[in-house]
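Structure first, commentary second.
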């Protein structure tokens with residue numbers, strides 16, 4: 001099982017810079033919903049101002065109403081405070097609603113952009129990635145960005161506003177006491193600066209490990225038949241538990257670091273509160289401060305202390321956010337190697353003439369798979385490609401689909417270089433049926449319609465008949481509305497293959513590619529597929545890769561590929577008469593079959 005994943009190098013930057021960079025990109029995503037964000041922010045500012053009015057109300061209660069035994073003033077103060085806090089309830093509700101709606105929209109937009117971008121990335125990216133890790137970025141990491149909009153971003157600004165506003169009021173009441181409270185801020189800032197990079201590094205490690213565990217789980221569940229056939233359930237559970245243990249260990253380090261960080265900030269702010277209580281008492285005894293002023297001051301100091309502690313916690317949360325958003329944005333920043341040029345064009349009425357002009361290709365440097373292949377396929381011609389495993393047959397077909405570009409040389413469609421053609425249009429000219437047939441969870445009708453979304457039911461059913469699939473479809477309880485299960489698990493291999501062929505035929509592309517399309521099916525299914533192909537290949541340029549040489553026997557031309565080069569070419573009869581490479585391939589298949597029949 002491969003453990004390779006696509007890695008994007010993150011430039012080394014200070015953690016605060018990475019936080020602001022992440023927040024800047026998130027705000028750009030939130031721009032379409034700025035009025036919701038602004039409305040939520042303004043409403044929360046109003047709620048914060050109401051909260052800041054409470055200590056002043058307590059001050060008036062102590063210094064005026066209780067001191068002068070004024071019951072009427074006491075009732076008025078209580079009534080005003082009740083009204084203010086009812087107002088705070090309303091604006092807090094409205095503000096929370098605005099922010100949550102904006103956050104949900106941003107998260108949906110982000111997931112949509114990420115999913116769309118993944119669709120546009122080339123095949124090599126997915127060869128180097130693990131699907132479980134990508135789905136983790138779509139799920140968990142995008143959810144962290146959602147939290148940034150609904151909680152972290154606005155909460156941090158509001159908390160900062162609360163701290164500053166409370167400090168201003170305290171400066172007005174007594175600047176000496178305010179100075180004591182202000183001393184807690186530099187200490188909290190120093191602690192945040194010291195722990196911030198560590199918090200973000202641990203957060204990134206935790207998210208990477210969660211991604212790996214999800215990738216592993218998806219891989220094992222996808223191969224559950226292999227797991228069960230080898231009785232490896234306990235083995236795989238042990239491996240998964242080991243991955244989760246690694247996640248837990250990282251989470252444990254993160255929890256320990258976060259807990260100590262927040263406790264240390266609380267200690268610094270609590271120390272300031274104790275100093276305030278002591279010095280404020282001395283000020284009251286000296287007559288320079290009233291009891292109401294001191295109580296109000298204590299309220300404000302608690303507001304400042306709580307605000308600083310919240311800022312420290314939010315700084316840790318924002319560090320986690322930076323790690324999550326980097327994992328999302330590094331995918332969005334990944335540029336596909338295969339894409340349409342700005343001046344890409346299409347061809348009116350393509351006929352399907354394919355030309356390989358001295359094509360070479362390598363997946364990695366110094367490891368050539370194809371070397372200077374030159375080949376021309378005329379419209380309507382059927383060409384079979386045979387050879388030993390690793391000869392480059394499938395790679396040749398993948399170049400026709402433009403999953404990759406040649407390392408050297410050119411591919412041409414009707415005389416036009418593939419690189420000059422619009423990518424989506426080019427792929428619509430090619431129908432591909434592979435050995436590893438993939439069906440989507442859904443009905444038979446939906447899977448065939450995937451070949452051409454606008455096709456009518458009659459066209460779908462005609463494609464099924466052309467692929468010799470209708471015979472088994474009509475025997476199913478719900479016929480075309482039968483659910484096939486995930487990856488078509490409810491159907492046999494031959495049935496899945498015929499549905500894949502029907503899907504390809506419905507596409508009505510001028511080029512048909514069959515990559516080992518019958519190698520995994522029984523002889524009856526193979527015969528039915530072969531009959532379907534014989535009827536449908538007329539008028540289509542058809543490329544067939546096969547290990548079973550009987551599959552290509554009736555091709556107009558057969559090519560023998562060896563070590564990335566075409567070493568022999570001709571019809572079946574011609575090459576059998578030459579008794580060359582093709583003849584030996586046929587003999588190697590026929591002899592074991594004869595021996596098996598005799599036994």
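Computed from the coordinates by the stated procedures, all read-outs in this text should not be read as laboratory data. Small disclaimer: the values here were computed from a predicted structure and weren't measured. In this analysis, Cβ positions are derived from the backbone assuming ideal geometry, glycine residues included, and neighbour counts consider all displayed protein chains.
For the pair residue 256 and residue 279, label points projected 7 Å from Cα toward Cβ lie 3.7 nm apart. The simple Förster model, with R0 at 35 Å and r as the Cβ-Cβ distance, assigns residue 31 and residue 458 a FRET efficiency of 0.15. Annotation: extensible slack from residue 428 through residue 554 equals 42.7 nm (criterion: 0.36 nm per residue apart, minus Cα-Cα distance). Extending 7 Å from Cα along the Cβ direction at residue 249 and again at residue 531 yields two label points whose distance is 6.1 nm. A Förster radius of 56 Å combined with the Cβ-Cβ distance from residue 587 to residue 143 puts the calculated FRET efficiency at roughly 0.40.
The shape of the stretch 342-400 comes out oblate: with a ≥ b ≥ c from the C-alpha gyration tensor, a/c is at least 1.5 while a/b does not beat b/c. In this rough spin-label picture, where each label sits 7 Å from Cα along the Cβ direction, the residue 123-residue 366 distance is 2.6 nm. Apply 1/(1 + (r/R0)^6) to the Cβ-Cβ distance of residue 38 and residue 343, taking R0 = 51 Å, and write down the FRET efficiency to the nearest 0.05. After rounding to 0.05, the efficiency reads 0.80.
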